[in-house]
Amino acid sequence: MSDTKEKKEKNRKIEKWIKGIVVLCLVIVLLVPAVISVWLGVKMAGLETQLSELRDEVLWLETAWAESSGGQQLLFPEGEAVELTEEDSIRAWEEQADSTPASKPSANGIRKVYLTFDDGPSIYTDEILDILKEYNVKATFFVVAEGKESYEDAYRRILEEGHTLGMHSYSHVYREIYQSKEAFIQDVNKLQDYLHEVTGEYPDFYRFPGGSSNRVSTVNMQELEGYLNEIDVTWYDWNISSGDATGHLGKDQIVRNCTAYLSGYDEAVILLHDAGDKRSTVQALPEIIEKILAMEDTVIAPITEDTVPIQHGKTK
């Protein structure tokens, strides 16, 4: 009798052990594919993010040359792979000086120079504002908004210190802004409403990401320009570029790019950038200002309603 009980108990243990093994196998069979699926999903999401970033980088590179050459592909034809050197930059600016028509003379013989900063606010905005305050000059900031929540004081300081606050798109993501006219309108309205919420003012000046001459937009740029005209927003390009869009130039070359050819213009709109990777631009700013102020009959001014727009593809 005792042996029978022991056998039954042993059999129950064996059955329990077998059931445990079966359950474990079932869990493994069910769980492993789920874990693999989640892992693959995470990897796919990461790859999609990287791909999106790469697309944005390509789009940025396509427009960086336009920004660096005043809207013209001066040295490097489309599709030709090149590495930017300082010598290339110098030659580009020399060609620009020969090929870019001067702006119309001002009525009173005074040359006006407009320092304009794209892409901010950034970690350098306050330092830029401090420099401008030190020299008692005013500038124009074409700003973005997405991811800039920590810089709301900078938007307000720009206006409080007498500078012009303009729009440069909400997100600055070309593939989103330029995918359709509707997307562009949504981006403009979102930025304008945001800046009004932060500063109490509706900005009415705009600079297209990549300029109006960009080759990224899938929409005819004249349609987008027409919309800005409809809402009484004036858009500005530039006729002199610092070249800092590429991020490879040193302080001295940026100074040269901004000042070497000013004598050919009576209304000069200089393109600069306010971004976390533009330390050289900040370092160059005092010398740029000093050289401009040292020129005869020349003033530095912010863009206002009286400023003649510099618009690529139109008479300057």
Taking ILE288 as the residue in question, decide whether it is within 20 Å of the chain's Cα centre (by Cα), open to solvent by less than 10 Å² (accessible area, probe 1.4 Å) and modelled with pLDDT of 95 or more.
-> no
What are the residues in region 234-285 that are over 23 Å from ASN214 (Cα atoms), among the hydrophobic types (A, V, I, L, M, F, W, C) and open to solvent by 10 Å² or more (accessible area, probe 1.4 Å), if any?
-> ALA260
How many residues does region 125-183 hold that are open to solvent by less than 50 Å² (accessible area, probe 1.4 Å), among the hydroxyl-bearing types (Ser, Thr, Tyr), in contact with a helix residue (DSSP H, G or I) (Cβ under 7 Å, 6 or more places away or on another chain) and farther than 20 Å from VAL216 by Cα?
-> 2
Residue list for region 1-45, restricted to those being hydroxyl-bearing (Ser, Thr, Tyr) and at pLDDT 70 or above = THR4, SER37
Filter result for the condition that a residue is within 21 Å of PHE205 (Cβ to Cβ) and of a type outside the set (Lys, Arg), over ILE288, ILE270 | ILE270
Residue count for region 195-222, restricted to those that are farther than 20 Å from PRO302 by Cα and part of a helix (DSSP H, G or I) = 4
Based on what the data block shows, is VAL198 at pLDDT 95 or above and farther than 19 Å from ASP274 by Cβ?
-> no
State whether one or more residues within region 196-210 are free of Cβ contacts under 8 Å to residues at least 24 places away in the same chain, open to solvent by 80 Å² or more (accessible area, probe 1.4 Å) and out of contact with any Phe, Trp or Tyr (no Cβ under 8 Å at 6 or more places or on another chain).
-> yes
Residue count, region 259-306 (criterion: without any contact (Cβ under 8 Å) to a residue 60 or more places away in the chain, outside any helix (DSSP H, G or I) and more than 21 Å from HIS172 (Cβ to Cβ)) | 3
What residue, among those in region 300-311 that are aliphatic (A, V, I, L, M) and closer than 20 Å to LEU159 by Cα, is least open to solvent (accessible area, probe 1.4 Å)?
-> ILE303
Residue pairs within 7 Å by beta carbon, gap of at least six or interchain, first lying in region 233-258 and over 22 Å from THR164 (Cα atoms) and touching a residue at least 40 places away in the same chain (Cβ under 8 Å), second open to solvent by less than 10 Å² (accessible area, probe 1.4 Å) and not in a helix (DSSP H, G or I), listed first then second, are LEU249/GLY243; GLN253/GLY243; ASN257/SER241; ASN257/SER242; ASN257/GLY243
Please name all residue pairs, on different chains or six or more residues apart, with Cβ atoms under 7 Å, provided the first residue is in region 176-188 and is within 12 Å of VAL144 (Cβ to Cβ) and the second residue is part of a loop (DSSP other than H, G, I, E, B).
-> ILE177/SER169; ILE177/SER171; ILE177/PRO209; ASP187/SER169; ASP187/TYR170; ASP187/SER171
Screening GLN186, GLN192, GLN179 for residues that are assigned to a helix (DSSP H, G or I) and over 24 Å from THR307 (Cα atoms) leaves only GLN186
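The values are calculated or read from the model by the stated rules, or taken from the named source; none is laboratory data. Predicted model only: the values in this text are computed from it and were never measured. Backbone-built Cβ (ideal geometry, glycine too); neighbour counts: all protein chains shown. To get the accessible areas, we keep the full protein, side chains included, count just its heavy atoms, and leave off ligands, DNA and RNA. Shrake-Rupley method; radii C 1.70, N 1.55, O 1.52, S 1.80 Å.
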